[in-house]
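J.: Below are the structure tokens for one structure; questions will follow.
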Amino acid sequence: MPLVCPDGAVVAYAWKRQLAGQAGASAVDRTRLALKAFTDQKRRFFPHLEDEVLNHLHDGESGIAKRPRMPAGNGELEEKTLSEILKNLENEVPNMKISTYRRLDWSKRASSLASLMDDDFVDPSKELNLQNMGKLRPGSVTTPIDQVAVIELLVPSIFRVVVSLHPAGSVDPDAVAFFSPTEGGSYLHARGLSVHHVFKHVTEHADKALQYFISVEPSKALSMLLRWIADYQTLFAKLCSKCRRLLLMDKSLALLLPPVHRPYHQISSIGSDHQEAYHIGCSSYDA
Ligand SMILES: [Zn+2]
């Protein structure tokens, strides 16, 4: 119960008696004395409190600085179910929007994207609004996890990836395709192909990566694939690890392309910051 002093200061009831003896002291003095008495008592009776608070603060800070990262490959963090995989991915790659659909719901969304994006140019803010609209639509957020057949991964302004699971609700990916976030239409599905060359080439590479993941470790194929995909958020920013350039003219294709190949063989590096990127001609994978 707080005590209101004649001069308007509010102090805790516990100090009422002590303060009564210091009636002549100013409000500032009383507060200082009260605080000192409290701190002394605390130090005397609860000496461990101060250190603990400091430790907690410290833990909190380092926890923020060090983002939780899935130690892919060494199996420290067990991911068995689809919801565990998606939840961990969401924490690791917060700027990638993950949505899940039944197969039919996805077809409807893909077609609706076409009508929403009939402009040639979609500015990023509009793109994000469209995404939010999609999120609000019933069915896209309430897909029961055992009926999830399609996973959509969207990094605004960079890519939209469609991953298909077979059977629905399993952790077995059976197809993957990359698209531009501004594309829409019935061809947007895991076995479809983007109209843009850059995404066609990434999708071709992704097919190989998927087959590789399934062949080396079927139970982890989905987590490895999703993390490998997430690395493509630097598709238009990361320089080629061999020629150190962003764009390279591919003479056989007569196309200027960024590094579309990201290695998938060194599983330990997937999801790490040291992931490499290569142009088609600079890659050790043949084009
Ligand atoms: Zn290169």
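The values are calculated or read from the model by the stated rules, or taken from the named source; none is laboratory data. What you see is a predicted model, and the numbers here were worked out from it, not measured in a lab. Cβ: placed from backbone, ideal geometry, glycine included. Neighbour counts: every protein chain shown.
J.: VAL155 is checked against (1) crowded, with 18+ Cβ neighbours inside 10 Å; (2) at pLDDT 80 or above; (3) farther than 16 Å from GLU183 by Cβ and fails just one. What number does that condition carry?
T.: (3)
J.: Just checking, which of SER194, SER219, SER215 is among the polar types (S, T, N, Q) and modelled with pLDDT under 95?
T.: SER219 is the lone residue from the list that is among the polar types (S, T, N, Q) and modelled with pLDDT under 95.
J.: If a residue counts only when it is more than 16 Å from the ligand (Cβ to nearest atom) and either of a type in the set (A, V, I, L, M) or crowded, with 20+ Cβ neighbours inside 10 Å (or both), which strands (runs of 3 or more DSSP E) contained entirely in the range 173-287 have at least 3 such residues?
T.: By residue number, 173-179.
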